[in-house]
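The structure appears right after this line, and notes come after that.
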Amino acid sequence: MASALVNVPSKARRGTVIEIRTLMSHIMEPGYRRTAAGDLVPRDIITSFSCRFNGEEIFRADLFPAIAANPFLSFFTVATESGKFEFEWIGDNGFVANASAAIAVEA
Amino acid sequence: MRLRRLLLVAAVVTALPALAAEIPAAERRSSYTFMTSDTKAMQDDDTANPGMLAAMDGETLWNAKTGQANKSCANCHGDATESMKGVTARYPAFDKALGRPVDIEQRINLCRKDHQQASPFANESRELLALTTFIGKQSRGQPITAGDDEALEPFVARGHELFTQRQGQLNLACTNCHDDNWDKHLAGSAVTQGQPNGYPEYRLEWQAMGSLSRRIRSCMTGVRAQAFDFGSDDMVALELYLMSRAHGMPIETPAVRP
């Protein structure tokens, strides 16, 4: 049950700075904790996040064990043309999740 | 001599200060009001509130057919935005068949057993929290009415008894902090009134969603008492009393708390 919440303005004026916010459902188990029996809980985190706009990568982030569960990432870009943002989260144990959002840019 | 001593004891007992009164309606404050602006902003923005992830999962479960009956919640209850509005605000509610109140988690598992013929969800499982969060979200802004049912009177009274009963190695009752000292701090954190209007909630300390039962259990562990079991009569009675104590406060589910 991986789910993502992506917040992209549905329209913007050309040249304005827009904020993109993403929230991804993930436990982000750091790999340093132990169970009551003393066994190490294996690491299970998201290791990489990327955002592409009309196929071109515009933002990338590496994630590490100290990052909280359900990572919230926010970043800015300039609205240049209408198109589609594609988001991808990649993590341990073959974790892959995708989301997308469209924006209409007006002159 | 012995009689005089007895009288003295009686006099001392009656002279003890009465237990603190319940917080008057006008002074009831959601734990939201004790939070920093950052944490408030996280709760207020539905695209930043991690509780919304659980609500989304809950919506999926609401519409998924399950059990031997191969029925989804939606097959009987229809559109949750209509049928579940105000439900969380009136739970725990009296169950006529059982003759006692059940909380929303127990209600879901009863529904699974009786109508879906499915196995119950484990306490604090991702699935159960997702469903209770999704159902709770339908009551956002609705005033709490739990405890209004006359049949619940003895159970509310039992809950009040538990709330005011000292327990654990620290020998503290809920009331000692949450009625008497809610405007003060415990280490760096606000004590708060312990109002139950945001459950299930996303607790930053837990890095996860949790139910009111879980919160009560961690409070009880904090005073080094034996925590009530999930779904036990005392747990539900205490939840019920807490809800009746918050009568009229709007539901905030899914709340974010530090």
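The values are calculated or read from the model by the stated rules, or taken from the named source; none is laboratory data. Keep in mind the model is a prediction, meaning the values are calculated, not measured. Quick reminder, even Gly has a Cβ in these numbers, built from the backbone with ideal geometry, and neighbours come from all protein chains shown.
Kindly indicate which of B:Gly67, B:Gly86 is out of contact with any Leu (no Cβ under 6 Å at 6 or more places or on another chain) and either among the polar types (S, T, N, Q) or over 25 Å from B:Leu240 (Cα atoms) (or both).
After applying the criteria, what remains is B:Gly67.
Out of (1) surrounded by fewer than 18 Cβ atoms within 10 Å (Cβ to Cβ); (2) within 14 Å of chain A (Cβ to nearest Cβ); (3) without any contact (Cβ under 8 Å) to a residue 24 or more places away in the chain, the odd one out for B:Leu53 is which?
For B:Leu53, the exception is condition (1).
Could you please find all residues in segment B:69-96 being buried (at least 17 other Cβ atoms within 10 Å of the Cβ), of a type in the set (A, V, I, L, M) and free of Cβ contacts under 8 Å to residues at least 60 places away in the same chain?
Within segment B:69-96, B:Ala80, B:Met84, B:Val87, B:Ala93 qualify.
Name every residue in segment A:97-107 that is more than 14 Å from chain B (Cβ to nearest Cβ) and under 11 Å from the mean Cα position of the chain (by Cα), in order of residue number.
Initial filter on segment A:97-107 (more than 14 Å from chain B (Cβ to nearest Cβ)): A:98, A:100, A:102-107.
If the condition is that a residue be more than 14 Å from chain B (Cβ to nearest Cβ) and under 11 Å from the mean Cα position of the chain (by Cα), then A:Asn98, A:Ser100 are the ones that fit.
Quick check on segment A:17-29. Is at least one of its residues at pLDDT 95 or above and more than 30 Å from A:Thr77 (Cβ to Cβ)?
yes
At least 3 residues that are of a type in the set (Lys, Arg) in each: list the helices (runs of 4 or more DSSP H) lying fully within segment B:150-245 that qualify. Reasoning before the result, please.
On the way: elements: B:153-163, B:174-178, B:212-222, B:233-245.
Qualifying helices (runs of 4 or more DSSP H): B:212-222.
Kindly evaluate A:Phe59 against the criterion of being hydrophobic (A, V, I, L, M, F, W, C) and in contact with a Leu (Cβ under 9 Å, 6 or more places away or on another chain).
On the way: hydrophobic (A, V, I, L, M, F, W, C): yes; in contact with a Leu (Cβ under 9 Å, 6 or more places away or on another chain): yes.
Yes.
Residues that are touching a Cys at 6+ places or on another chain (Cβ under 6 Å) and within 14 Å of another protein chain (Cβ to nearest Cβ), at least 1 per element: which strands (runs of 3 or more DSSP E) completely within segment A:1-92 meet that? Outline the logic, then answer.
On the way: elements: A:4-7, A:11-13, A:17-24, A:46-53, A:56-62, A:72-78, A:83-91.
Because the criterion is at least 1 residues that are touching a Cys at 6+ places or on another chain (Cβ under 6 Å) and within 14 Å of another protein chain (Cβ to nearest Cβ), the strands (runs of 3 or more DSSP E) in segment A:1-92 that meet it are A:83-91.
Just to be sure I understand the filter: pairs with C-beta atoms under 7 Å, separated by 6 or more residues or on different chains, first member in segment B:28-50 and within 18 Å of B:His185 (Cβ to Cβ), second member outside any loop (DSSP other than H, G, I, E, B) and of a type in the set (Gly, Ala, Ser). Which pairs pass?
B:Tyr32/B:Ala255; B:Phe34/B:Ala190
Of a type in the set (S, T, N, Q), in contact with a strand residue (DSSP E or B) (Cβ under 8 Å, 6 or more places away or on another chain) and under 28 Å from B:Pro50 (Cβ atoms): is that true of B:Ser139 in this structure? Walk me through it before giving the result.
Numbers: of a type in the set (S, T, N, Q): yes; in contact with a strand residue (DSSP E or B) (Cβ under 8 Å, 6 or more places away or on another chain): yes; under 28 Å from B:Pro50 (Cβ atoms): yes.
When the stated conditions are applied, B:Ser139 passes them.
Tell me which of these B:Phe134 doesn't satisfy, since it passes every other one: (1) away from chain A (no Cβ under 14 Å); (2) at pLDDT 95 or above.
Evaluating B:Phe134 over (1) away from chain A (no Cβ under 14 Å); (2) at pLDDT 95 or above leaves (1) as the failure.
Do we have any residue at all in segment B:118-125 that's over 15 Å from the mean Cα position of the chain (by Cα), farther than 21 Å from B:Pro92 by Cα and modelled with pLDDT of 95 or more?
Let us first name the residues in segment B:118-125 that are over 15 Å from the mean Cα position of the chain (by Cα), namely B:118-122, B:125.
After this cut, where a residue has to be farther than 21 Å from B:Pro92 by Cα as well, the list is B:118-119.
Of the ones still in play, those that are also modelled with pLDDT of 95 or more are B:118-119.
Scanning segment B:118-125, I find at least one residue that is over 15 Å from the mean Cα position of the chain (by Cα), farther than 21 Å from B:Pro92 by Cα and modelled with pLDDT of 95 or more, so the answer is yes.
Looking at the structure I just gave you, is B:Ala89 among the small types (Gly, Ala, Ser), away from every other protein chain (no Cβ under 14 Å), assigned to a helix (DSSP H, G or I) and touching a Pro at 6+ places or on another chain (Cβ under 7 Å)? Let's see the steps before the verdict.
Values: among the small types (Gly, Ala, Ser): yes; away from every other protein chain (no Cβ under 14 Å): yes; assigned to a helix (DSSP H, G or I): yes; touching a Pro at 6+ places or on another chain (Cβ under 7 Å): yes.
So B:Ala89 fits the description; yes.
Condition first: closer than 19 Å to A:Leu5 by Cα, surrounded by 13 or more Cβ atoms within 10 Å (Cβ to Cβ) and either at pLDDT below 95 or of a type in the set (Ser, Thr, Tyr) (or both). Now tell me which residues in segment A:73-88 satisfy that.
Scanning segment A:73-88 gives a single hit, A:Thr77.
Tell me yes or no: at least one residue of segment B:101-111 is crowded, with 19+ Cβ neighbours inside 10 Å and among the basic types (Lys, Arg).
The answer is no; no qualifying residue exists.
Taking segment A:66-87, which residues are without any contact (Cβ under 8 Å) to a residue 60 or more places away in the chain and in contact with a Lys or Arg (Cβ under 8 Å, 6 or more places away or on another chain)? Spell out how you get there, then give the answer.
Step one: filter segment A:66-87 for residues without any contact (Cβ under 8 Å) to a residue 60 or more places away in the chain, giving A:66-76, A:82-84, A:86.
Hits for segment A:66-87 are A:Phe72, A:Leu73, A:Ser74, A:Glu86.
Mind checking whether some residue in segment A:7-17 is surrounded by 14 or more Cβ atoms within 10 Å (Cβ to Cβ) and closer than 30 Å to B:Leu128 by Cβ?
yes
Kindly list, by first and then second residue, each pair from a residue in segment B:187-203 that is farther than 9 Å from B:Phe34 by Cβ to a residue that is among the β-branched types (Val, Ile, Thr), limited to pairs with Cβ atoms under 6 Å and residues at least 6 apart or on different chains.
Here the result reads B:Asn197/B:Ile251; B:Gly198/B:Thr253; B:Pro200/B:Thr132; B:Pro200/B:Thr133; B:Tyr202/B:Val256, each pair linking segment B:187-203 to a residue that is among the β-branched types (Val, Ile, Thr).
It is to be established whether one or more residues within segment B:44-53 are over 17 Å from B:Asp114 (Cα atoms), among the hydroxyl-bearing types (Ser, Thr, Tyr) and in a helix (DSSP H, G or I).
Applying the first criterion (over 17 Å from B:Asp114 (Cα atoms)) to segment B:44-53 yields B:44-53.
If we keep only those that are among the hydroxyl-bearing types (Ser, Thr, Tyr) too, we end up with B:47.
From what is left, the residues that are in a helix (DSSP H, G or I) are none.
No; the residues of segment B:44-53 include none that is over 17 Å from B:Asp114 (Cα atoms), among the hydroxyl-bearing types (Ser, Thr, Tyr) and in a helix (DSSP H, G or I).
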